[in-house]
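The values are calculated or read from the model by the stated rules, or taken from the named source; none is laboratory data. Given the structure is predicted, the values throughout are model-derived calculations rather than measurements. Cβ: placed from backbone, ideal geometry, glycine included. Neighbour counts: every protein chain shown. Quick note on the areas: whole protein, heavy atoms, side chains included, nothing else; ligands and nucleic acids left out. Shrake-Rupley method; radii C 1.70, N 1.55, O 1.52, S 1.80 Å.
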Amino acid sequence: MTVQELPGAAAYRPTPPPAWKPLTDPAPLLPDPEPYRVLGTDAAAAADPELLLRLYAELVRGRRYNTQATALTKQGRLAVYPSSTGQEACEIAAALVLEERDWLFPSYRDTLAAVARGLDPVEALTLLRGDRHTGYDPREHRIAPLCTPLATQLPHAVGLAHAARLKGDDVVALAMVGDGGTSEGDFHEALNFAAVWKAPVVFLVQNNGFAISVPLAKQTAAPSLAHKAVGYGMPGRLVDGNDAAAVHQVLSEAVERARSGGGPTLVEAITYRMDAHTNADDATRYRGDSEVEAWRAHDPVQLMERELTGRGLLGDDAIEEAREAAERMAAGLRERMNADPVLDPMDLFAHVYAEQTTQLREQAARLRVELDAENEQHGTDDGGAGR
């Protein structure tokens, strides 16, 4: 017999305890039904022309950076390169909305965002070259190390942002992740902590359609990834990830909200990865050419160029100037990446423990003997460096 079948059940109306009641009205947190756009809409008229021109120059440079880095993998100068071709609007906007004191938490695909924030392209690619370190000083540049494990950078961003708020520092953290990363536990833990603590952090999800080869429909049944924000008590924003002006505006609003004490925001940018997952991936096994070509018509560089030329803000000379600047960057990157790094085998033991163990000291001594013998044989005195 159930409660409803008991005598007098009709009068039984249990009242949920107060703790059950939602802490936040969900309505204002819901994302718009369609991605927010600026380019090609009435909103473009209100956009700052100088900002649009800067975005365009950075997009052109970013596209050339992607093609050059991809070429370096074919030349054996990079071990791997996860291209962000097609996603440049997200990468550039994420870098430009931050103040110098803020922090960027990139994933392995976000080297372009780091470069747009001012990092030397060679330093940005050092880890992908196969070096033992990330290539740059995170504290100097306010860019966390490139994160290869999916979504682990998100709790780090929350921790840093929360600590900054406790210390009274005016710092916002912007954490980048792909749609595949939203299926990781770290994503959910980060959003929950961020919302409870009202941490000044912005989560940017670049929904490029695939987690390597797994389409989004096989990852989630949610109306959108932005809708997931509501369950944690933060706003969700949906934006056209190929519209650099729209991404910049939405992220700027989210950063300002975080800085003013409003707490975190989850932004989902709808974009597309034009290249394969990495140079080791064959994308033709899980998507067709017609799909890729359809997205080429929504290319972020071309969208911005059409907007600017249509409004008379960009002429042939300015277009050529942007392309030439991008070529100079690519040439410098190519030249420096073609130089063989000087390596010291003894570095194997330098950064394992703060104080070397007995075993490490013994191993280092054995290697030193072998290197000295080799150097004597070849008449060199470089400690084996460069071999």
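Number of residues in region 229-241 that are in a helix (DSSP H, G or I) and either open to solvent by less than 50 Å² (accessible area, probe 1.4 Å) or free of Cβ contacts under 8 Å to residues at least 24 places away in the same chain (or both) equals 3.
Annotation note: Cβ proximity below 6 Å between a residue of region 22-47 that is touching a residue at least 60 places away in the same chain (Cβ under 8 Å) and a residue that is open to solvent by 60 Å² or more (accessible area, probe 1.4 Å) (sequence gap 6+ or interchain) occurs for PRO31/ARG237. So if I check each of VAL80, VAL97, VAL158, which one is of a type in the set (Val, Ile, Thr) and more than 30 Å from TRP197 (Cα to Cα)? So the residue among VAL80, VAL97, VAL158 that is of a type in the set (Val, Ile, Thr) and more than 30 Å from TRP197 (Cα to Cα) is VAL80. Could you say whether any residue in region 69-81 is in contact with a Ser or Thr (Cβ under 9 Å, 6 or more places away or on another chain), assigned to a loop (DSSP other than H, G, I, E, B), open to solvent by less than 20 Å² (accessible area, probe 1.4 Å) and hydroxyl-bearing (Ser, Thr, Tyr)? Yes: region 69-81 contains one or more residues that are in contact with a Ser or Thr (Cβ under 9 Å, 6 or more places away or on another chain), assigned to a loop (DSSP other than H, G, I, E, B), open to solvent by less than 20 Å² (accessible area, probe 1.4 Å) and hydroxyl-bearing (Ser, Thr, Tyr).
Being small (Gly, Ala, Ser), in contact with a helix residue (DSSP H, G or I) (Cβ under 6 Å, 6 or more places away or on another chain) and assigned to a helix (DSSP H, G or I) holds for only one residue in ALA318, ALA364, ALA294, and it is ALA364. Given the criteria touching a Leu at 6+ places or on another chain (Cβ under 7 Å), modelled with pLDDT of 95 or more, of a type outside the set (Gly, Ala, Ser) and more than 24 Å from VAL247 (Cβ to Cβ), does LEU72 qualify? The answer is yes for LEU72.
Here GLU307 passes the criteria (1) assigned to a helix (DSSP H, G or I); (2) not assigned by the TED database to the domain that holds ALA190 except the one numbered (2).
Here ALA364, ALA373 are screened, and the one residue that is over 30 Å from THR73 (Cβ atoms), surrounded by 15 or more Cβ atoms within 10 Å (Cβ to Cβ), without any contact (Cβ under 8 Å) to a residue 40 or more places away in the chain and not acidic (Asp, Glu) is ALA364.
When restricted to residues that are closer than 23 Å to VAL292 by Cα, in contact with a Leu (Cβ under 8 Å, 6 or more places away or on another chain) and part of a helix (DSSP H, G or I), region 94-112 contains 1.
Residues of region 210-228 that are touching a residue at least 60 places away in the same chain (Cβ under 8 Å) and open to solvent by less than 20 Å² (accessible area, probe 1.4 Å): SER224, ALA226. Taken over region 129-149, residues that are open to solvent by 80 Å² or more (accessible area, probe 1.4 Å), at pLDDT below 90 and either out of contact with any Asp or Glu (no Cβ under 8 Å at 6 or more places or on another chain) or in a strand (DSSP E or B) (or both) amount to 1. What about ARG165, is it within 28 Å of GLY86 (Cβ to Cβ), open to solvent by 10 Å² or more (accessible area, probe 1.4 Å) and either modelled with pLDDT of 95 or more or assigned to a strand (DSSP E or B) (or both)? Criteria not met by ARG165. Among the residues of region 109-128, is there at least one that is open to solvent by 30 Å² or more (accessible area, probe 1.4 Å), assigned by the TED database to the domain that holds MET329 and farther than 21 Å from MET329 by Cα? No, there is no match, as no residue in region 109-128 is open to solvent by 30 Å² or more (accessible area, probe 1.4 Å), assigned by the TED database to the domain that holds MET329 and farther than 21 Å from MET329 by Cα. Residue pairs whose Cβ atoms lie under 7 Å apart, sitting 6 or more positions apart in sequence or on different chains, and linking a residue in region 124-152 that is in contact (Cβ under 8 Å) with a residue 40 or more places away in the chain and closer than 23 Å to GLU100 by Cα to a partner that is of a type in the set (Val, Ile, Thr) and part of a loop (DSSP other than H, G, I, E, B), are LEU146/THR134.
Look through region 168-196, keep the residues that are small (Gly, Ala, Ser), surrounded by 18 or more Cβ atoms within 10 Å (Cβ to Cβ) and out of contact with any Ser or Thr (no Cβ under 8 Å at 6 or more places or on another chain), and return whichever of them is nearest to ARG142 (Cα to Cα). Taking the candidates together, the pick is ALA173.
Only one entry of HIS298, HIS378, HIS351 meets the criterion of being loosely packed, with under 12 Cβ neighbours inside 10 Å and touching a residue at least 12 places away in the same chain (Cβ under 8 Å), and that entry is HIS351.
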